[in-house]
Amino acid sequence: MAQTPPDPAPADADLVRDAADPRLAPFLGLRDGDRRFRRPPGRGHRPVDAFVTEGVPVARRALEAGHRPLAVLADARTPGAVPPGLPAGVPVLRADPALLRAITGLGVVREVLGLFARPPERPPDAVLASARRVVVLERVVNPANLGAIIRTAAALGVDATLLGPGTTDPLYRRAVRASMGATLTHPWARLAALPEGLAPLRAAGFRVLALTPAADAVPVDAVRPAPGERLALLLGTEGPGLSAAALEAADARVAVPMAPGAADSLNVAAAAAIACHVLLRPGEPG
């Protein structure tokens, strides 16, 4: 006797109606989960083995860069919320906007959240091998600033970014969001220490320029890189800026000139954008 084929799965089999659904565990409380999806600075802890993307463009960028998707949570009311190119077998869940907010703890939720496996981190030598222009960050703790800096660096043709101790995680949810996914494609690596971590740059022949509002700094637009010169732009944390040791280790100090009577400096992400445009953009003599 012929067997009756099983009924096809209902069209809403992936529709989630209850925040207690166990399939949602990776997406619960993402506002608090920012702490779960980063490496605690200076503590030697292993980073959590996943990161989160928000929105179809960033999820698509992660997929195109070869990051491995683990699960997707999409707005059930938004057509096209699931990014194209998902491999077979990746769980795709859908929920109404109100439930998405309840699940994630986020006030504003993009049309899709993607959970991806965290890739292994690259050593500094690997990202410096073919680089001519790099940014080095000391204790940049704000993820939005870090994301904006890496987005700028990628857009202006900077080859790599090196992260000193205390700099927040480029795969932190808010850093990924602020970078529009640039932290998923732009080469970056961590330095074990600063200024000692500048040794690989020295060995590779980089000239290190420290960005600072100090009175003895040279305006960035007055710097003329020599033909073929490799340059590294050193940027410090929000507010205090670079440490005295980092400033001392630099080859030169440069500044973004400010109008008379204005504040003495810019937000680190804004300053980075100006300095990268002037010093590190492609096509310059260096």
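Bear in mind that the values in this text are calculations on the coordinates, not laboratory data. Note that the structure is predicted; figures quoted are calculated from it, not measured. Don't worry about glycine lacking a Cβ; one is built from the backbone with ideal geometry, like all the others, and counts go over all protein chains shown.
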Which of the peptides 232-238, 260-266, 89-95 is most tightly packed, and how do the rest follow, going by the mean number of other Cβ atoms within 10 Å of each residue? 232-238, 89-95, 260-266
At R0 = 25 Å the Cβ-Cβ FRET efficiency linking Ala129 and Arg224, nearest 0.05, sits at 0.45
Which value, in debye to the nearest 20, gives the size of the charge dipole of the stretch 213-286 about its Cα centre, when Lys and Arg are +1 and Asp and Glu are -1 at the Cβ? 180 debye
Principal axes first, then extents: for the Cα atoms of the stretch 193-286, list largest minus smallest coordinate on each axis, whole Å, largest first. 40, 31, 22
Between Glu196 and Asp264, what is the label-to-label distance in nm when each label sits 7 Å out along the Cα-to-Cβ direction? 3.0 nm
Taking Cα centroids, how far is the stretch 164-204 from the stretch 80-115 in Å? 28 Å
If I require 15 Å or longer along the helix axis, counting alpha carbons, and a Kyte-Doolittle average no lower than -0.5, what helices from the chain are left? Use full DSSP H segments. 143-155
Please compute the Cα-Cα pair-distance distribution of the chain with 10 Å bins starting at 0, giving whole percents from short to long. 6, 27, 29, 19, 12, 5, 2, 1, 0, 0
Extension length gain for Asp216 and Thr185 (0.36 nm per residue less Cα distance), in nm, is 7.5 nm
Rounded, prolate or oblate: pick one for the stretch 124-280, where a ≥ b ≥ c are the square roots of the eigenvalues of its C-alpha gyration tensor, a/c under 1.5 means rounded, and failing that, prolate if a/b is larger than b/c, else oblate. rounded
